[in-house]
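Report on the structure given below.
The values are calculated or read from the model by the stated rules, or taken from the named source; none is laboratory data. Here the structure is a predicted model, which means the values were calculated and not measured. Using ideal geometry, Cβ is built from the backbone for each residue, glycine included, and neighbour counts are taken over all protein chains shown. Just so you know, the surface numbers come from the protein's heavy atoms only, side chains and all, with ligands and any DNA or RNA stripped out. Shrake-Rupley method; radii C 1.70, N 1.55, O 1.52, S 1.80 Å.
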Amino acid sequence: MAAGSCLLLLLLPSLVTASHSPPGCKIRITSKGLDLVKQEGLRFVEQELQNITVSDLHGSEGQFQYNISQVKVTDLQLAFSDLNFQPQQHLVFNINNASISLRFRRQLLYWFFYDIGSINASADGVYIYTVLQLAKDEAGRLKISNMTCDASIARMHAGFSGTLRKVYEFLSTFIVTGMRYLLSQQICPSLEHASLVLLNSLLDTVPVRNYVDEHVGIDYSLLRDPSISPDTLDLDFKGMFFPRVREDQELENHAVEPVIKETERMVYVAFSEYFFDSAMHSYFQAGVLTIELQGEKVPKDLEVLLRATFFGTIFMLSPSVDAPLRLVLQVSAPPRCTIKPSGTSVSVSAFLNISLVPPDRPPVQLSSMAMETKLSAKVFLQGKALRVQLDLRRYGWGATGAWGESPLHPTHNYFFLSRFRIYSKQSALESLALFSLQAPLKTLLQLTIMPIINERTKKGVQIPLPEGMDFTREVVTNHAGFLTVGADLHFSKGLREVIEKYRPVPTTAAYSSSQTADPSLDPSSL
């Protein structure tokens, strides 16, 4: 028994760690963001309620026989509505004192008198209270897992016209009571379908595990159910890149967990060092962190510099003096990202092999250098894509640029100092000879190699937001071990537009079965 207790104590730390894996990416939606969602959601609810279908009402009262059909919602007034966070996993949406205007067809048979026409009605004091439970599904996607709803109508009025107006007024209490009951019974099923089916189809547009390019993919699956406070909704995403050649590969996360404290903007997205490290590790595993330049692709200035540096060696290879140069730059280990309040940097170790390539002869290696550099990183958003631009130059801090070569953008993140060092893999003497090559080679690498690298990363990676929702007024802020992007939101597409885009096309059979037959005008059918 004692041994079992000791074993449990030893396993407890690992069990706690496993149950709370730190996220590589974290998103916080604030109450300001929820207000924007409420505005768009209210339009969506109006559209859903306008499509309510109410069953026909028919029956008899003494010698009277009646049929109420083709009920249509003509107008809605949802003036008082609210959408709030409710700890721990819920959103509460309620509507008070709303009104719904209706128009329906009437048919009446009284002895030998037959009357048809339309009736305009109004449902007032409409009350709707819905609670949406949010959770992650088995695939790690955010879903509305459950919904509770309560709806009621305080009063309903109907206006009658025609030859039998007095008769309808006599029956109005019975007809209006029946219509109020039927209408109130259709509100919650309509909203339940809108939430559990239509809104969940919108959440399906959030990328969970998808490919970034032909080399790597990214896993944005939720690690746990959302955490909701009275003012915020927090989502913890795995935020891990993976190489497509090894999709089941897992990179353990030892980075600092992002902590979002701000609430001033509509949304905050935080990325830890793990997010960027897993991207660079995946590209390294995919074997694409190699650049080869040969012949005319080698910049002329760089070729002249290298031929002058290795003139003695080349001169000894007399037949190969005019042979084209080949440069192979290969990263030797996965690069590492460091995020500090002062900025972001990427540490890279690489080999630079310089060779002559005589026609119809084996390549002749002139030098094999080891390179260590700390690149400055500029992190910014473009649309919904997070992009990183690397640089070898030194920058100062400032919204308009202090001592950098180009003006700095106030919403971008910069690192102040880049480091560059080369040395020979063969001997200390050759390393000393290469020292004079360090500064010009750094400049030429900045002008030739860095544009190639930045072109490859130009596409960026999409942030997990639903289709039709975009960022505005982004600001990047650095912290110790992670960075945050604070932004406001706007809808480039309406909820209805996105939902209709992904709505399954109904089959012919399903469509025909859903059609309701027009009521008969034959009095005998009553």
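Here are a few things to note about the model shown:
- Restricting Ser195, Ser201 to those that are out of contact with any strand residue (DSSP E or B) (no Cβ under 6 Å at 6 or more places or on another chain) and small (Gly, Ala, Ser) reduces the list to Ser201.
- Lone qualifier among Glu192, Glu214 - being assigned by the TED database to the domain that holds Gln133 and open to solvent by 20 Å² or more (accessible area, probe 1.4 Å): Glu192
- If you filter segment 88-113 down to residues that are open to solvent by 60 Å² or more (accessible area, probe 1.4 Å) and assigned to a loop (DSSP other than H, G, I, E, B), you find that the one that is modelled with the highest pLDDT is Gln88.
- Residue list for segment 172-187, filter: of a type in the set (Val, Ile, Thr) and either open to solvent by 20 Å² or more (accessible area, probe 1.4 Å) or not in a helix (DSSP H, G or I) (or both): Thr173, Val176, Thr177
- Looking only at residues of segment 227-249 that are crowded, with 19+ Cβ neighbours inside 10 Å and assigned to a loop (DSSP other than H, G, I, E, B), we find that the one that is nearest to the chain's Cα centre (by Cα) is Gly239.
- Options Leu203, Leu198, Leu223: the member that is surrounded by 14 or more Cβ atoms within 10 Å (Cβ to Cβ) and within 30 Å of Leu57 (Cα to Cα): Leu198
- Answer residue from segment 191-226, given it is among the acidic types (Asp, Glu) and over 10 Å from Arg141 (Cβ atoms) and is farthest from the chain's Cα centre (by Cα) among those: Glu192
- For segment 45-63, the condition holds for at least one residue, the condition being that it is of a type in the set (Val, Ile, Thr), touching a residue at least 12 places away in the same chain (Cβ under 8 Å), open to solvent by less than 30 Å² (accessible area, probe 1.4 Å) and more than 18 Å from Thr130 (Cβ to Cβ).
- None of Asp137, Asp150 is acidic (Asp, Glu), modelled with pLDDT of 90 or more and farther than 30 Å from Glu250 by Cα except Asp150.
- Candidate set from segment 446-498 (those that are modelled with pLDDT of 85 or more and of a type in the set (S, T, N, Q)); member that is surrounded by the most Cβ atoms within 10 Å (Cβ to Cβ): Thr484
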